[in-house]
Amino acid sequence: MPEDPHKHENHDEVSASALGPSSRRTFLSGVGAAGLVASLAPFSAAATAVRTPEAPPAGGAGFSRSGAMVAIRLRVNGKDHEVQIDPRSSLLDCLRENLHLTGTKKGCDHGQCGACTVHINGRRANSCLSLALTNQGDEITTIEGIGTPEKLHPMQSSFVEHDGYQCGYCTSGQIMSAVALLKEPCGGADADVKEAMSGNICRCGAYANIVDAIQKVRGKA
Amino acid sequence: MEIFDYSRVESAAQAIAAGAKSRTAQQGANVRFIAGGTTLFDLMKLNVEHPETVVDINHLPLDKVERTPNGGFQIGALVRNSDLAHHPEIVKHYPVLSQALLSGASAQLRNRATTGGNLLQRTRCVYFRDTHMPCNKREPGSGCSAIEGFNRNLAILGTSEQCIATNPSDMNVALMALDAVVHIQGVKGARTVPIASFFLLPGKTPHIENVLQPGDLVTHVSLPALPEGARSVYLKLRDRASYEFALSSAAVVAHVQGGKFESIGIALGGVGTMPWRAKAAEAMLKGTTVDPAKFRAAAEAVLKEARPQSENGFKIELATRCLTQTLKLATRTAS
């Protein structure tokens with residue numbers, strides 16, 4: 001007899017009511033977290049043995065394939081951070097999950113949308129496509145490093161002034177790109193800005209206002 | 001993504017020793033060099049690439065653009081695409097290369113992507129990137145999903161029954177038209193390979209894309225000196241105005257003297273399984289009087305070999321027009 005596809009769900013419903021006054025939403029989020037823990041368990045077990053980078057036979061820094069977490073040092077927004085990361089981490093995940101710098105957003109995770117744009121050694125880059133291990137020694141700047149709510153970067157102020165966003169999800173990437181653009185060879189026309197900003201996608205379509213915001217800061221508007 | 005060993009090397013010798021342990025330097029390599037990571041790390045996330053060892057070569061001293069004794073230029077494998085595109089000498093002497101680089105990817109990606117990585121850039125064929133689908137390039141013998149599938153963006157030149165994947169690089173098209181030379185260091189020492197011999201047609205072995213062997217490290221790409229007055233141009237046609245792979249592109253490097261093509265190098269992108277040297281057009285034009293009325297026939301001669309698929313027959317006319325127009329651009333003010 002084929003297994004009833006609703007069996008587990010029904011069972012969960014029963015368990016939920018047995019646990020007392022708990023909304024379906026809180027229960028489901030609890031189940032989600034439990035599932036996550038379960039699926040990560042083999043890795044977490046291995047991860048208890050925290051290792052620091054060791055020298056490979058040929059010299060230089062490295063680590064061996066043991067499934068262990070690895071300690072790396074990252075310089076972000078002018079401060080050095082020592083973090084234990086999964087060696088497979090992208091710079092993006094490291095910033096968000098380990099350093100809790102969640103201003104940098106994950107969109108496509110494949111270098112196609114630009115939401116994760118940060119500066120690496122003063123130049124804009126997709127943090128989702130950078131293996132964090134390779135960023136040791138780099139000077140990384142995130143949206144948190146260019147301005148504060150009290151003292152916005154001129155580009156941040158200009159995005160506010162020109163309404164350069166709608167939902168806001170792409171905005172930190174747009175702004176990091178735009179700030180980097182100020183130091184790049186880029187013609188003065190709106191078309192030049194559009195070309196230079198083509199690596200940042202805005203699903204809300206705030207492009208016209210984004211161009212205005214950037215041109216204002218460049219003194220071209 | 002599978003777990004991997006990671007090491008950072010400080011010398012070419014260390015990199016070669018690490019790379020030599022790989023089964024292959026092609027698809028399925030268990031040792032991979034990482035630089036910008038814009039292709040490799042992406043494919044590792046998709047489980048298309050699953051190296052057991054990742055060797056970080058970012059700290060090798062290969063990040064310079066230098067003039068060679070013969071008047072050409074030598075580009076280090078770690079020179080970032082943006083630095084190469086904006087290098088004053090490259091802009092001045094090899095505009096086709098600068099234009100090709102700037103037409104590719106986005107500013108963010110160009111800041112990370114390197115010359116060596118771009119040279120080895122992998123196809124964007126959706127079936128290659130999807131491990132749930134058969135793909136002879138990713139998994140030899142599993143079949144080609146593209147031939148009966150979504151093939152609008154794929155190749156019409158150099159294809160085989162096993163693979164129709166396009167080489168996606170713009171830079172490679174310019175390097176092909178410029179007769180660049182790839183400099184390789186490996187377990188048996190250093191060697192050079194003309195770019196025309198570097199890439200391999202898919203044939204029955206689409207997983208083997210170039211001549212690299214385990215341990216081989218691309219250290220430089222060199223460009224020959226161009227004759228005084230040579231002109232070069234890159235034209236790229238695509239679905240969007242920016243940040244999109246080519247449906248068709250053309251690179252032309254022409255030296256016109258006394259109204260005649262003294263020399264001409266032509267390559268096409270977006271249509272070939274490798275950056276496509278347009279030998280038929282070169283042969284028709286070299287030594288002849290510059291006459292735009294002859295350009296279309298030269299382009300047609302290249303596309304005569306085209307084998308369109310169910311969705312990409314339009315590329316024959318598109319590539320013909322693209323090359324015709326690029327030849328016009330390259331000779332516009334030449335006399």
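In the range B:141-158, the residues that are within 18 Å of B:Trp276 (Cα to Cα) reach residues that are buried (at least 19 other Cβ atoms within 10 Å of the Cβ) and of a type in the set (D, E, K, R) with C-beta atoms within less than 8 angstrom, at least six apart or across chains, in these pairs: B:Ile156/B:Lys315.
What about B:Thr289, is it modelled with pLDDT of 95 or more, surrounded by fewer than 19 Cβ atoms within 10 Å (Cβ to Cβ) and touching a Gly at 6+ places or on another chain (Cβ under 6 Å)?
Numbers: modelled with pLDDT of 95 or more: yes; surrounded by fewer than 19 Cβ atoms within 10 Å (Cβ to Cβ): yes; touching a Gly at 6+ places or on another chain (Cβ under 6 Å): yes.
Criteria met by B:Thr289.
Within the range B:2-16, the set of residues being modelled with pLDDT under 95 and more than 7 Å from every other protein chain (Cβ to nearest Cβ) comprises just one member, B:Glu2. Of the residues in the range B:207-218, not one is buried (at least 22 other Cβ atoms within 10 Å of the Cβ), in contact with a helix residue (DSSP H, G or I) (Cβ under 8 Å, 6 or more places away or on another chain) and under 17 Å from B:Tyr94 (Cβ atoms).
Given the criteria of a type outside the set (Phe, Trp, Tyr), assigned to a loop (DSSP other than H, G, I, E, B) and either touching a residue at least 24 places away in the same chain (Cβ under 8 Å) or within 8 Å of another protein chain (Cβ to nearest Cβ) (or both), does B:Val54 qualify? No. Let me spell it out: the conditions are (1) within 22 Å of the chain's Cα centre (by Cα); (2) modelled with pLDDT of 95 or more, and B:Ala241 meets all of them except one. Which number is the exception? Single failed check for B:Ala241: (2). In the range B:298-329, the residue that is farthest from B:Ala280 (Cα to Cα) out of those that are surrounded by fewer than 23 Cβ atoms within 10 Å (Cβ to Cβ) and in contact with a strand residue (DSSP E or B) (Cβ under 7 Å, 6 or more places away or on another chain) is B:Leu329.
Note on the range A:126-221: enclosed helices (runs of 4 or more DSSP H) holding 1 or more residues that are polar (S, T, N, Q), within 14 Å of chain B (Cβ to nearest Cβ) and within 16 Å of the chain's Cα centre (by Cα) are A:171-181. Only one entry in B:Ser248, B:Ser263, B:Ser222, B:Ser232 is within 30 Å of B:Ala29 (Cβ to Cβ) and polar (S, T, N, Q), namely B:Ser222.
The values are calculated or read from the model by the stated rules, or taken from the named source; none is laboratory data. Please read these numbers as outputs of a predicted model, since none were measured by experiment. Note that each Cβ is placed from the backbone with ideal geometry, even for glycine, and that neighbours are counted across all protein chains shown.
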